[in-house]
1. Which numbered condition trips up ASP69, out of (1) more than 22 Å from ASP245 (Cα to Cα); (2) crowded, with 16+ Cβ neighbours inside 10 Å; (3) of a type in the set (D, E, K, R)?
2. Among all residue pairs at least 6 apart or on different chains, which show Cβ distances below 8 Å where the first residue, located in the range 47-62, is under 14 Å from GLU270 (Cα atoms) and the second is of a type in the set (D, E, K, R) and surrounded by fewer than 16 Cβ atoms within 10 Å (Cβ to Cβ)?
3. I need the full set of residues from the range 195-216 which are surrounded by fewer than 11 Cβ atoms within 10 Å (Cβ to Cβ) and out of contact with any Lys or Arg (no Cβ under 7 Å at 6 or more places or on another chain), in order please.
4. Residues of the range 79-88 being within 16 Å of TYR248 (Cα to Cα) and over 12 Å from the mean Cα position of the chain (by Cα), which ones?
5. Being of a type in the set (D, E, K, R) and either farther than 30 Å from LYS36 by Cβ or in contact with a Ser or Thr (Cβ under 9 Å, 6 or more places away or on another chain) (or both) is the requirement here; does ARG250 meet it?
6. ALA71 fails exactly one of the following numbered conditions: (1) part of a loop (DSSP other than H, G, I, E, B); (2) closer than 24 Å to ARG125 by Cβ; (3) over 15 Å from the mean Cα position of the chain (by Cα); (4) not basic (Lys, Arg). What is the number of that condition?
7. In the set SER162, SER98, which member is closer than 26 Å to ASP74 by Cβ and of a type in the set (Ser, Thr, Tyr)?
Amino acid sequence: MFKAIENTCLVAFNNEFRLSNSPTFVDKVASKKSYKQRLNKLVNTLEDLQRRLYAADKHSVLLIFQAMDAAGKDSTIRAVMSGINPAGCQVYSFKQPSAEELDHDFLWRSAKRLPQRGRIGVFNRSYYEETLVVRVHPEYLGAQKLPRQVDLESLWQERFESIRDHELHLARNGTVILKFWLNISQQEQHQRFLSRLDDQKKNWKFSPGDFTESNLWEDYMHAYEQTLNATSRPWAPWYAIPADDKPYMRLKVAAIIVASLESLDLKYPELSKKQLDKMGKARRLLEKPGNPD
């Protein structure tokens, strides 16, 4: 089974993760240009790894991104996955659940979107919304038609258990799960909100509801701390990525993905003697004089 890559951003598996010890910013050790160059090299490496992943057809990869608004989920996914063959990658953004989705258990709508073997699946938000947004807004539970009355604290623990079991099952069956929490500070978030207001090209990104949710910052941080502690496991680790500096954040995410895939020792399939003989026959026919180009 896949094991987590050791990393300074790794959320430990001992329930001792604390937001107060998780930085949102790391002092720069390189220039913005250098970060971009290093990211480009990692993207090229990731492209090669994805080809081998696709050819081997034994593992799938699930990348989960969670964050507060304006943390940079979309831009990070775009920057890191820019070199991937679209045929080998799929991205899903989970919004407010539909009536059909609410008629199923909370894992159903994401289970339908899981990547098949050989492909990389990216979840922009995920089933973790059920222990984050819904925990901050328990009134949303009214639409979920739960079959029994459950104490809220017990409900979150049950959902943590369901998620852990779900991810363990996926890992046992070949899915590499990497989960990224983009850890932005509230101050930086507000600066990015202002940039959306100041730049006409970004106006469409701003929603008054984003600022309303920001006012519930402490509630969200409590929910994140509880969620990451309860669900970071060796087979489905969380990484708390400092997100106030976008170039650093993107580089860190790319490096973790590349290191994780490299640990799988992916190889192109070896052909049998029978297959090689057929290829030799095909070559002779193709090279035969008079064969049309």
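1. (1)
2. Partner pairs satisfying both residue conditions: ARG52/LYS267; ALA56/LYS267; ASP57/ARG117; LYS58/ARG117.
3. ASP198, GLN200, LYS201, TRP204, PRO208, GLY209, THR212, ASN215
4. Selection gives ALA79 alone.
5. Considered against the rule, which asks whether it is of a type in the set (D, E, K, R) and either farther than 30 Å from LYS36 by Cβ or in contact with a Ser or Thr (Cβ under 9 Å, 6 or more places away or on another chain) (or both), ARG250 comes out as yes.
6. It is condition (3) that ALA71 fails.
7. Sole residue among the options that is closer than 26 Å to ASP74 by Cβ and of a type in the set (Ser, Thr, Tyr): SER98.
Residues checked against (1) assigned to a strand (DSSP E or B); (2) out of contact with any Gly (no Cβ under 9 Å at 6 or more places or on another chain); (3) among the polar types (S, T, N, Q):
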| site | (1), (2), (3) |
| --- | --- |
| THR76 | no, yes, yes |
| GLY83 | no, yes, no |
| TYR92 | yes, no, no |
| LEU114 | no, no, no |
| GLY118 | no, no, no |
| VAL122 | yes, yes, no |
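The values are calculated or read from the model by the stated rules, or taken from the named source; none is laboratory data. If you're wondering where the values come from, they're calculated on a predicted model, not measured in any experiment. As a convention, Cβ positions derive from the backbone with ideal geometry for all residues, glycine included, and neighbour counts pool all protein chains shown.
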